[in-house]
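Input: a single structure, listed below in structure tokens.
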Amino acid sequence: MSEETIIIANWKIALGGKESGELAEQLKKGLRRLPDGKEVIVCPSFMWLQKVSEILAKTDIKTGAQDCFWEERGAYTGNVSPLDLKESGCHYVILGHSERRKYLSETNLMVHQKARVVLNNGMTPIICVGEDFDQRQGSQKDYAIIRQLSESLEGINVATDNKIIVAYEPVWAISTSGGGIKPEPEEVSYSADVIRHILLDLYGNEIVNTCFRIIYGGSVNSSCVADYTKLPNICGVLVGSASLKIEEFVEIINNA
Ligand code: PGA
């Protein structure tokens with residue numbers, strides 16, 4: 001996987017069709033050329049993913065989805081097929097975001113099944129892990145991360161041409177649904193090491209170095225982004241609220 005700094009925008013369901021289209025047009029204009037060494041991925045809501053992918057098609061900005069179902073086709077009312085995501089121009093899929101775990105009881109097993117189908121379809125899963133406030137207070141942080149990540153990945157074969165992004169997103173750091181507390185970079189670096197050790201246990205050095213990237217997410221904005229991206233074991237950021245305003249997001253990309 002490339003050595004570029006990865007900046008992912010998670011628009012959640014904050015924007016309607018008109019606003020999503022406008023923000024995508026602004027990104028197209030404002031980021032005609034991406035700064036060297038930066039990879040930018042925008043994850044709009046399912047409804048506007050195709051529209052945004054079409055607007056950004058001739059730019060270097062890639063699009064991703066915020067989830068997908070673990071079966072490709074069938075009688076699964078209301079779910080979104082990974083085949084359709086691929087067809088709509090999507091290259092990345094966020095999986096196991098804490099808001100899905102919280103509001104939709106998403107489990108590690110579901111994340112596991114989804115990661116498998118995303119990889120089988122040549123897309124890159126962005127697997128979110130991170131402890132909540134109580135787990136952190138109760139010294140269960142490592143345990144929470146180890147469990148989420150190993151149950152999500154164990155048994156999934158990763159080949160050298162696969163790409164997997166692991167996003168460390170402590171729930172207490174997320175600006176809207178979490179506590180909005182910015183972690184010290186040392187704490188993020190510590191957790192990134194925990195993640196790397198789990199990956200090494202599962203896949204060994206070569207696959208981990210070739211296929212995996214660890215990023216950070218939670219209350220990232222243009223003033224703090226570099227505190228995290230300068231950490232040697234953090235390769236990028238997942239940005240929620242601060243990705244919804246064009247000037248701020250462009251600043252994040254420049255400062256990352
Ligand atoms: P935030 O969201 O940047 O608004 O904290 C991050 C996320 O939920 O992925």
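The values are calculated or read from the model by the stated rules, or taken from the named source; none is laboratory data. Here the structure is a predicted model, which is why all the values come from computation and not from measurement. Cβ atoms come from the backbone with ideal geometry, glycine included; neighbour counts cover every protein chain shown. Remember, those area values only see protein heavy atoms, side chains included, never the ligands or the DNA or RNA. Shrake-Rupley method; radii C 1.70, N 1.55, O 1.52, S 1.80 Å.
Some notes on this structure:
- Residue in region 160-183 that is assigned to a helix (DSSP H, G or I), surrounded by 14 or more Cβ atoms within 10 Å (Cβ to Cβ) and away from the ligand (no atom under 16 Å from the Cβ) present: no
- Pair list, Cβ under 6 Å, 6 or more apart: region 244-256 residue of a type outside the set (D, E, K, R), other residue modelled with pLDDT of 95 or more and part of a helix (DSSP H, G or I): I246/Q26; F249/S243; I252/V225; N255/V225; N255/A226; A256/V225; A256/T229
- Among the residues of region 102-145, those that are in contact with a helix residue (DSSP H, G or I) (Cβ under 9 Å, 6 or more places away or on another chain) and basic (K, R) comprise K102, K114, R136, K141.
- Members of region 18-58 found to be assigned to a loop (DSSP other than H, G, I, E, B), closer than 14 Å to I246 by Cβ and either open to solvent by 10 Å² or more (accessible area, probe 1.4 Å) or touching a residue at least 60 places away in the same chain (Cβ under 8 Å) (or both), listed by number: L31, R32
- One residue from R147, R100 being under 23 Å from A173 (Cβ atoms), part of a helix (DSSP H, G or I), among the charged types (D, E, K, R) and within 16 Å of the ligand (Cβ to nearest atom): R100
Quick grid of which residues meet (1) under 20 Å from D36 (Cα atoms); (2) away from the ligand (no atom under 16 Å from the Cβ); (3) under 15 Å from the mean Cα position of the chain (by Cα); (4) polar (S, T, N, Q):
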{"position": "V194", "(1), (2), (3), (4)": "no, yes, no, no"}
{"position": "H197", "(1), (2), (3), (4)": "no, yes, no, no"}
{"position": "V220", "(1), (2), (3), (4)": "no, no, yes, no"}
{"position": "L231", "(1), (2), (3), (4)": "yes, yes, no, no"}
{"position": "I252", "(1), (2), (3), (4)": "yes, no, no, no"}
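- For region 134-155, the condition of being open to solvent by less than 20 Å² (accessible area, probe 1.4 Å), of a type in the set (G, A, S), in contact (Cβ under 8 Å) with a residue 60 or more places away in the chain and under 26 Å from V239 (Cβ atoms) holds for none of the residues.
- Hits in region 120-137 - residues which are under 16 Å from L153 (Cα atoms) and touching an Asp or Glu at 6+ places or on another chain (Cβ under 9 Å): N120, C128, V129, G130
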